[in-house]
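Comments concern the structure below.
The values are calculated or read from the model by the stated rules, or taken from the named source; none is laboratory data. Not measured: the values here are computed from a predicted model. In this analysis, Cβ positions are derived from the backbone assuming ideal geometry, glycine residues included, and neighbour counts consider all displayed protein chains. Ligands, DNA and RNA are excluded from the accessible area calculation, which covers all protein heavy atoms including side chains. Shrake-Rupley method; radii C 1.70, N 1.55, O 1.52, S 1.80 Å.
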Amino acid sequence: MVKRLFALGLLAVFAGLFASLLSGYVPDAALNPTARYYAERTAPDLGAANLVTAIIITYRGLDTLGEVTVLFLAAAIVGLVLGSDRGSHRPGPEDRTAGRPDEAPANPSPPVGELLTTGSRLLVPLILLLGVYVFANGHRTPGGGFQGGAILASATLLLLLAKPGRQLSHRLIAALESLAGLLFIIIGLLGLALAGGFLDNRILPLGTLGALFSAGAIPLISALIGLKVGAEFSSILASLAETRQAQAGRVEPVGDTPAAWVQPDRDNPGAAHKPTGPATTADREQP
Amino acid sequence: MPDLTQIALATGFGLILIGFYGALTRRGLLRIILAFTLASTGVNVVIVAIGYMRGRTAPILDEAVTTATAVGRIIDPLPQALVLTAIVIGLGVTALMLAYAYRLFRRHRTLDIAAFRELKW
């Protein structure tokens, strides 16, 4: 109860802060100097029609490199944290590439409907095409590498939904991901050698504003970011999906009554001292 | 009649508050993760709303918005660029939180944070 009051008090402080921010907010009448620079200089300097993509890929290209690295780390840690859990019943690495849905024993997931199976066959190529379109046109229409990559990964999600036992090739995903990352850095270094600096897009001709082949290296970097982000998200999704199969195929030594899902493990020495009440601990409804 | 910016800002602040409330009071780990996702969505909405300017258009140049007229016609592109990457990173962080939650569940057979006592004193 005290805890809840404390939380509500903290929230009231935040609410007061936000209210004063909201009431005192005056929108800008004109662009600030940074935005003005981007608005005036992007087209003549970089040849990109979409200022957001120009900022992400060229003006703040180093940030973007850091961000895809963060994403790579997240994907790698997800794979590590979930992967170390899979026991000896897993097939060897040479079996992973082949999709064998009948191998997953006693998978509790309900059968996949005909509609989803057929629909995924129709939709997956179209989704992949849309993803490629979005990142290939990022410099002249709304879009770019991150958005296209997320769309590519949604195709992976549909594949996994349509066939839950499917084993995606981690080797292929890793190869795609590292190749895209390597080429990204090589293009950045080429900018250092041939143009003004690291990740400068003017190593290729700028072309006419708004054309498909324009804005120097921006479409190329955009495509590489798209592939990298798509591969990273696909890897996360594949790791999460395989967790489910490992869970389904394993016989747990711990109590298998449903109460074991909400109660702390009594065998665990860390949790043994103060047993919490039965089943009421998990997210009580408020009066 | 409130401005569109005011509505968007209020929505964003509201989402942040809901997220904080959930993270502070819930005890199930999945709900806490959901609350954090809500709060980060609220932050994104606030940042985009600050970049919005009344009567202007998206920061993409074409026949209607030429380079010469861009300064008076477009909104600030920088918040959009920041939020774009923040969304993607947020998704990665959510996946990371879910992976750790799964590991904790494997170890303790529960997602109730009262059962995780290793770091308590």
Residues located in the stretch A:11-37, provided they are farther than 30 Å from B:Thr67 by Cα and at the interface with another protein chain (Cβ under 7 Å from one of its Cβ atoms)
A:Leu11, A:Phe14, A:Ala15, A:Phe18, A:Leu22
If we ask which residues in the stretch B:7-28 are within 20 Å of A:Asp28 (Cβ to Cβ), open to solvent by less than 60 Å² (accessible area, probe 1.4 Å) and more than 7 Å from chain A (Cβ to nearest Cβ), their number turns out to be 2
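Among the residues of the stretch B:88-100, is any closer than 30 Å to A:Glu40 by Cα and open to solvent by 30 Å² or more (accessible area, probe 1.4 Å)?
First, the residues of the stretch B:88-100 that are closer than 30 Å to A:Glu40 by Cα: B:88-89.
With the extra rule that they be open to solvent by 30 Å² or more (accessible area, probe 1.4 Å), the set shrinks to B:89.
There is at least one residue in the stretch B:88-100 that is closer than 30 Å to A:Glu40 by Cα and open to solvent by 30 Å² or more (accessible area, probe 1.4 Å).
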Residue set B:Leu84, B:Leu104; condition among the hydrophobic types (A, V, I, L, M, F, W, C), in a helix (DSSP H, G or I), more than 8 Å from chain A (Cβ to nearest Cβ) and open to solvent by less than 60 Å² (accessible area, probe 1.4 Å); output residue B:Leu104
When the stretch B:68-81 is checked residue by residue, the ones that are open to solvent by 50 Å² or more (accessible area, probe 1.4 Å) and within 7 Å of chain A (Cβ to nearest Cβ) are B:Gln80
For residues in the stretch B:1-28 being assigned to a helix (DSSP H, G or I) and small (Gly, Ala, Ser), which is nearest to A:Ala12 (Cα to Cα)?
B:Gly14
Those residues that are open to solvent by 60 Å² or more (accessible area, probe 1.4 Å) and assigned to a loop (DSSP other than H, G, I, E, B), I need them from the stretch A:1-33; list them, please.
A:Met1, A:Val26, A:Asp28, A:Ala29
Just one of the numbered conditions (1) assigned to a helix (DSSP H, G or I); (2) open to solvent by 20 Å² or more (accessible area, probe 1.4 Å); (3) away from chain B (no Cβ under 14 Å) is not true of A:Leu152; which one?
(3)
Could you run through the stretch A:16-50 and say how many residues are within 18 Å of A:Ser214 (Cα to Cα) and basic (Lys, Arg)?
1
Just give me the residues in the stretch A:170-208 being open to solvent by 30 Å² or more (accessible area, probe 1.4 Å), part of a loop (DSSP other than H, G, I, E, B) and polar (S, T, N, Q), in sequence order.
A:Thr208
Tally the residues that are open to solvent by 30 Å² or more (accessible area, probe 1.4 Å) and not in a helix (DSSP H, G or I), restricting the search to the stretch A:212-223.
2
